[in-house]
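Readers should treat all values here as calculations from the given coordinates under stated rules, not as data from a laboratory. Quick caveat, the model's predicted, so the values are computed rather than measured. Cβ atoms come from the backbone with ideal geometry, glycine included; neighbour counts cover every protein chain shown.
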Amino acid sequence: AQKVTQAQTEISVVEKEDVTLDCVYETRDTTYYLFWYKQPPSGELVFLIRRNSFDEQNEISGRYSWNFQKSTSSFNFTITASQVVDSAVYFCALIMNRDDKIIFGKGTRLHILP
Amino acid sequence: NAGVMQNPRHLVRRRGQEARLRCSPMKGHSHVYWYRQLPEEGLKFMVYLQKENIIDESGMPKERFSAEFPKEGPSILRIQQVVRGDSAAYFCASSRETGEHEQYFGPGTRLTVT
């Protein structure tokens, strides 16, 4: 069965600190895609990144970076120099290449304190 | 290019009434997906439709819920005889082709059952 686990339910850090959100996934498929989405207090879903299972290069986009490790089935997300506007719920998600439904983790609620 | 549109954004229904949620996919997209987000939970897949066809409804509750995507007009998720447990955010996503794994999400409809 396919599954996404975000063990951290809620995290609070002080502004300007770095924070890493963990994501562990389970699948027996060899071809799949991983995602991160942000859900701010307004409620919409904001797409952050999509990564396919054959691309293990880490990615950096401004203050955001992602660490994909197939050996540990993890796809962790780090925010550097956090800001109050980063406060949101962050979802990690998985989709198999042969399928059409996205499987979401339960999310990590991130509080950035001023 | 307008994104995925959902209306209404907020819907309040009394127990026993019907709820109709609408989703207009992005221009050029013929695949629609509905997801439900219960309070403090991640999103869960409900149904995947193409024009005039239900492709996968494995996540739909067996009773009271139905979905359609007619040849003309938006996709509609209908919930008959709503109960308090139906209170949730319902997100629609669309994609151009199956297998692309790029689903673009709408802003969601927040259903409250009183």
B:Ile55/A:Ala7 FRET efficiency (R0 41 Å; Cβ-Cβ; nearest 0.05): 0.80
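Count, for each residue of B:37-45, the Cβ atoms from other chains sitting within 10 Å of its Cβ, then give me the mean as a whole number. Don't skip to the end; give the middle numbers.
Values: counts 7, 0, 0, 5, 3, 14, 11, 4, 7.
Counting Cβ atoms of other protein chains within 10 Å of each residue's Cβ and averaging gives 6.
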Set of lysines with alpha-carbon distance to B:Lys51 below 19 Å, sequence-local pairs under 8 removed: A:Lys101, B:Lys27, B:Lys71
Mean shadow area of chain B, taken as a quarter of the surface of its Cα convex hull (nm²): 6.7 nm²
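Under a Cβ-only charge scheme (Lys and Arg +1, Asp and Glu -1), can you give me the dipole magnitude of chain B about the Cα centre, in debye to the nearest 20? Spell out each step's value before the answer.
Values: 17 positive and 13 negative charges, 118 e Å.
That gives a dipole near 560 debye.
Taking only Cα atoms of chain A, what ratio of Rg to Rh do you get with Rh as the Kirkwood inverse-distance radius? Let's see the in-between values first.
Working: Rg = 13.7 Å, Rh = 14.3 Å.
My calculation puts Rg/Rh at 0.96.
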Centre separation in Å (Cα based) which lies between the stretch A:9-43 and the stretch B:13-54: 24 Å
All-pairs Cα distance distribution in the stretch B:23-79, expressed in whole percent, bin size 5 Å: 4, 19, 29, 24, 15, 6, 2, 0
Pair B:Thr114, B:Gln81: separation of 7 Å Cα→Cβ label points (nm): 2.3 nm
Theoretical gain in end-to-end length, B:Ala2 to B:Glu63 [0.36 nm per residue, Cα-Cα removed]: 18.6 nm
Fraction in percent of alpha-carbon pairs per bin - 10 Å, the protein assembly as shown: 8, 32, 34, 21, 5, 0
